[in-house]
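The values are calculated or read from the model by the stated rules, or taken from the named source; none is laboratory data. This structure is a prediction, so every number in the text was calculated from the model and none was measured. Here the Cβ is made from the backbone with ideal geometry for all residues, glycine too, and neighbour counts use every protein chain on show. Note: areas computed on protein heavy atoms with side chains; ligands, DNA, RNA excluded. Shrake-Rupley method; radii C 1.70, N 1.55, O 1.52, S 1.80 Å.
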Amino acid sequence: MSFNLLIVEDEPLVAKRLSRLSADILGDKLSVQHSAPDVATARSLITEHTIDLILLDLNLVGSDGFDLLKEFTAKAAHTIIVSAETSRALEAFEFGVLDFVPKPFTRERLAKALARFWKPEFTDAPAASQIAFEASGGIDVVSASDVLYFRGADKYSEATLKNGSVKFHTKSLNRLEDILSASFVRSHKSYLVQCSAIKSLRSLEGSRYELDLDDGNSLPIGRTRIDHVRRALANNDTACGGQ
Amino acid sequence: MSIRLLITLYLVFAAPAAQAISLITNAADARQSHAQNPGDVSTDPSWQPYSPLLKYDEAQFWYSVKVTVRHDAGEIISNPLALSVRLNGVYDFYWDGELIGSNKYQSKSANQFSRVFIPVIGLEEGEHHLRVHVHALGMRAGDSSDMRITIAALKSNFFGVHPTVVSTFFLATATLFLAAYLIATRRSGGQRPGTTAAIIFSISMALAVLLEEGRFLFKYPYSWQPPLDALQPPFALLFFALLPWFILTRMNFPNRLWWMAVAPLSIAASMIDIGAVEQHIRAFFIVSAALLVISLIGWQRGYNNAKFFAWGLGVAFFALLLDPVKGHIFLIVIIILVASDLALDIRRQSKDAVRLQIMSERLRADLIKRNVQPHFLMNSLTALMEWVETSPNDAVQFIDGLAQEFRILADFSDRRSVSLKEELSLCNIHIALMGQRLTSQLALDTDGVNVDQQVPPALFHTLIENAFSHNDYRALEARFSLSQQTTEGGTLFRLSVPVVHPRESDQNAGLGTRYIEARLEEFCGSSFRFQSQLVGSSWVSEVTFKKV
């Protein structure tokens, strides 16, 4: 699988280094590489192209690091932060970035971060606790614990919140699972469910299963995922334990 | 000549137990005789009207004056009164022909005994005769004998010492101690506005008091007294000039020289002979009243310390009413007022010094912190990594520049000021480093700068760093410029940096600006002005060092 990379970095030498090392590390897996020295160019590139992974500097001239974090983690693409401000690493992980690469970085450290794009389940990064949603007025940030479940809808996802409202996220269900697997369980190819919101697992006729949720709703469980769900629920009554 | 022995005020305020007794003399009735043993004033022709000028060296003569004692009805006389004489020499006092006091012999000290008791029994109401046999030791022909007989109430003694001696000793000690303390404070860098005036004022007051009253404290030959008396006026004049100057300075009163007219006016007013009150006491009254009014004006205008001085001078004025003969209480209040004001100021200064020390340490920490500021340092190291792998020569050049910048900043961190030459060197190195990192052509132009001028460390460096934080100078040519103008108001530095894709946030905010203002305060107190604003396509920062 090849993918498209976007480097958002205003330091010419750092951008050059990221570009050179990424091309070297990813080889054939890298389909197209874009580079943006500022946020406006990055937005434009994201609109015009399908971007799978963003390497983002949090200290861009003209931008606030927190706003950047919210905006880019709300995108469909995964985000890896490359920054000198290591004090923001925890905050970045809370918003669901794949990794935080502190500057200066070696080839090996960047390679490790890029590898998480394929094998996020091996990540030792903390699970996202905040989820940024693109909204008409800007970005809405919702606590991950307020989401009951996500339902896959084509390339997007639909989040049902505990208060009954529904929000759309531009990330696919797979990418949300990458960053939320510590507290959510993939019960179905179309559902990613908050572990703490599961009331019980119910078997139905014809070897079918359903999850009963706290809010009274029931969600189907995929036949191939029943063991995975059972394991996850057995690990912890309130959390899925990440596997 | 007017009446000189009307001392009702004294009796009213200083001797309340005897307040109903008045002793009235008419100086015009005073007589003197150079006969060996003159007879009755009315019959002996040797008695002549009193003339203060001595006829010959160390003259011996008799002085005679009528004293009228007046009682209020019902008053019980229980407190002894005394007569005092202001004359150097040996003398005997006779009250109605009875010897009531004498210093008997030539002492080593001028006027060893200047006071003699009036026996209570001799104070019956009516007319009395006072005679004094005088041998004016140490005085020359033509000197003024200043034969003034005044009434003193020996109200109480302090361990056998007359209160005047105690107050003289206290005043002299306090003023000299204050002067010594202020000199020591000044030498250790604690100079405050008015300190020099206070030092001279204190010494003048001590000397004036000692010259006036020292005869009661120290023993010295009679012949010393006339020249010592001659030394008094300059110190008294200094007192009357420096007290107003000190208070006006401490209040930071504008047009101080104009307001100083109070000094000659008070002295001139004191010269007018209005009888009962001593000239210097009148001058005290006038100067303290005038300064009280000035302080009230200052209080109303919100000047420094004006409220403090208004209260203090009010107390001093009241003290003068309590002690209108010697004025010692007034002087004690004045010296306490001066000392307290300076002590409070020095205390404030000490607190400021501690605060400045803390600020200085914090600034030092800030400077060091900015050396290792993540954005600059980590991006520089990342660029270095890239150069090491792809272009080692660039890496070497960058490391060399980085080392120079760190070396200079380390040197600056311990200093409160640096020369502009050193500052510009740091700025140029930083600009060169950033130019290499951003692949830009950057330079700093200077116009009319005095490279020897002292400035706070990393002042312009911080402003230039701010410019890099807030603007996008990648891959372009940009020129910074620094100019210097010296005007009557002070020295103005103007740093202009090009604005390129600026951040939305205000460039004038943040750690850099706080650092600059703190450094400027440390460097020159409040004598600076710092402002920053957008002018055309440049961000212009102006630093003015005001002339003090």
Taking just the alpha-carbon atoms of the range A:65-215, what radius of gyration and Dmax come out, in angstrom?
16.4, 58
Using protein chains only (no ligands, no nucleic acids) and a 1.4 Å probe, work out which residues of the range A:3-33 have their accessible area cut by at least 10 Å² relative to the chain alone.
A:D10, A:E11, A:P12, A:L13, A:V14, A:K16, A:R17, A:R20
Not counting ligands, DNA or RNA, and with a 1.4 Å probe, what is A:D140's accessible surface area in Å² rounded to the nearest 10?
60
Which of the residues in the range A:57-80 show a loss of at least 30 Å² in accessible area from their chain by itself to the complete set of protein chains, at a probe of 1.4 Å?
A:N59, A:V61, A:G62
Probe 1.4 Å, all protein chains in place: accessible area of B:S51 in Å², nearest 10?
40
Fully extended, how many nm does the chain gain between A:T170 and A:Q33 (0.36 nm per residue separation, minus their Cα-Cα distance)?
47.2 nm
Using 1/(1 + (r/R0)^6) with R0 = 60 angstrom and r between the beta carbons of B:I358 and A:S196, what's the FRET efficiency to the nearest 0.05?
0.75
Averaged over its residues, how many other protein chain Cβ atoms are within 10 Å of peptide B:383-396's Cβ atoms?
3
Would you mind working out the magnitude of the charge dipole of the range A:94-241 relative to its Cα centre, with +1 at each Lys and Arg C-beta and -1 at each Asp and Glu C-beta, to the nearest 20 Debye?
520
Shielded by partner chains, the range B:356-378 residues - at least 40 Å² of accessible area, 1.4 Å probe, vs chain alone
B:H375, B:M378
Mind checking Rg over Rh on the range A:1-121, alpha carbons, Kirkwood formula for Rh?
0.91
Summed over the other residues with a beta carbon less than 15 angstrom from that of B:Q48, with K and R at +1 and D and E at -1, the charge totals 0
Compute the separation of the alpha-carbon centres of the range B:436-484 and the range A:30-80 and state it in Å as a whole number.
31
Set the Förster distance to 51 Å, then compute FRET efficiency between A:R231 and B:A443 from the Cβ-Cβ distance, nearest 0.05.
0.20
Can you give me the distance in nm between label points at A:T224 and B:H129, each placed 7 Å from the Cα along the Cα-to-Cβ direction?
14.6
On full extension of the chain, what length is gained from B:K421 through B:A27, given 0.36 nm per residue of separation minus the C-alpha to C-alpha distance?
133.9 nm
In peptide A:102-109, how many Cβ atoms from other protein chains are near each Cβ within 10 Å, on average?
4
Please compute the length gained on full extension between B:Q191 and B:S391, using 0.36 nm multiplied by the number of residues separating them and subtracting their Cα-Cα distance.
66.1 nm
Approximate spin-label separation B:L476-A:L90, in nm, with each point projected 7 Å along Cα-to-Cβ:
3.9
Measuring from label point to label point, each 7 Å out along Cα→Cβ, what is the B:A365 to A:Y156 span in nm?
5.0
